[in-house]
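Colleague: Please see the structure below; I have some questions.
Please treat every number below as a calculation from the coordinates, not as lab data. The structure displayed is predicted, hence computed values, not measured ones. Every residue, glycine as well, gets a Cβ built from its backbone with ideal geometry; the counts of neighbours run over all protein chains shown.
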Amino acid sequence: MTTVWINGQGQDHLKLPHRGLAYGDGIFETLRIQHNRAPLLSAHLKRLAHSAHTLGFGTGFNIQSIEAQVLSVLSSGHNHCGVLKILVLRHHQGRGYAFVDGTPDVIVEFYPADLLPFGWELPPLQVGRCDSVVSVNRQLAGHKHLNRIDSVLAAAEVRAQQWDDGFRFVGDQLVEATSANVFLVKGNCLKTPEIDLAGVKGVAREHILALAPAHFDAVVVGEITESDVCEAEAVFVSNAVILLRQVGSFTLGTQRVEYTQQPPGLLQLINSLREEMSR
């Protein structure tokens with residue numbers, strides 16, 4: 001059963017009308033919870049604060065208050081394992097797009113799970129190239145804002161094609177999967193797309209990039225094309241819930257590429273991340 005807190009109080013309703021519903025005017029974080037703790041909490045809070053500042057959430061935004069709400073939920077002892085979501089909705093006052101400074105509404109949702117597996121332990125994903133359009137917006141690129149209709153349409157395409165996930169492109173440039181970042185391995189080089197046109201700079205992505213230099217000869221953040229994806233030795237996706245998960249194949253039109261290699265650097269990275277998360 002999902003449990004919801006609004007502004008620190010246990011409740012399941014929000015006063016309407018609201019900008020978050022009308023305009024998607026908000027930001028959010030999705031956290032992996034294990035053993036009543038959030039392993040990457042500080043990184044999530046840092047990204048949330050950065051997005052709030054960049055998108056002008058004003059003086060009413062208080063990251064310390066949000067952290068206290070999250071820690072209160074975790075300390076209750078009932079939320080052993082699952083997914084926790086933090087939503088911050090801009091202060092609502094009247095209709096229209098223009099806004100005034102004020103204290104945003106903070107919603108914390110907890111989705112319990114009996115077990116939250118490490119992503120690499122799950123079967124490899126069968127992935128295809130999404131044709132759904134990615135909205136390019138350099139100002140929003142990197143931020144986890146509530147305007148996710150692009151991802152909704154991509155997920156619908158994935159379901160229709162009976163894939164496990166889909167890779168999304170701007171022209172020939174890879175951006176991300178439907179709800180995860182993408183990494184390629186070739187020649188002991190780890191590569192992931194630059195998130196400067198669209199997409200989310202994932203917390204797990206940043207953590208993997210910090211760990212990677214110890215396990216790979218080179219780590220590159222830059223342009224990745226369809227050809228790069230097809231020529232990779234190994235491909236995986238990452239987000240804060242699954243951490244990282246292997247891609248088994250990529251379908252591009254009539255072409256299907258299989259990924260069967262597990263390069264040593266990748267295996268070392270997996271072990272390093274697994275050890276960190278089990279502490």
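Colleague: Given a Förster distance of 25 angstrom, what is the FRET efficiency for residue 156 paired with residue 252, based on the Cβ-Cβ distance and rounded to 0.05?
Modeller: That pair, residue 156 with residue 252, gives E of 0.80.
Colleague: Full-extension gain between residue 46 and residue 261, please, as 0.36 nm times their residue separation minus the C-alpha to C-alpha distance.
Modeller: 73.9 nm
Colleague: Can you give me the Cα centroid spacing of segment 33-70 and segment 163-206 in angstrom?
Modeller: 24
Colleague: Per residue of segment 21-33, in order, report the coupling 6.51 cos²θ - 1.76 cosθ + 1.60 (Karplus, θ = phi - 60°) as ³J(HN,Hα) in whole Hz, putting x for Gly and Pro.
Modeller: Rounded to whole hertz, the list is 7, 6, 10, x, 8, x, 9, 8, 9, 10, 10, 7, 10.
Colleague: Using the 10 angstrom Cβ neighbour count as an exposure proxy, how do 230, 189 rank, fewest first?
Modeller: 230, 189
Colleague: Have a look at the DSSP beta bridges in the chain and tell me what percent are antiparallel, nearest 5.
Modeller: Within the chain, antiparallel bridges account for around 80 percent of the total.
Colleague: Then there is this: Calculate how steeply helix 41-54 sits against the longest principal axis of the alpha-carbon atoms of the chain, using the helix alpha-carbon long axis, and give the answer as 0 to 90 degrees to the nearest 10.
Modeller: Approximately 70 degrees, to the nearest ten.
Colleague: Count the lysine pairs in the chain whose Cα atoms lie under 18 Å apart, taking only pairs 8 or more positions apart in sequence or on different chains.
Modeller: Count of close lysine pairs: 7.
Colleague: Once the Cβ-Cβ distance between residue 115 and residue 275 is put in as r, and R0 is 25 Å, what FRET efficiency do you end up with, to the nearest 0.05?
Modeller: According to the calculation, E is roughly 0.85.
Colleague: Now, a different point. Taking the simple approach of a point 7 Å from Cα along Cα-to-Cβ for both residue 7 and residue 206, what is their distance in nm?
Modeller: Simple spin-label model gives 2.9 nm for this pair.
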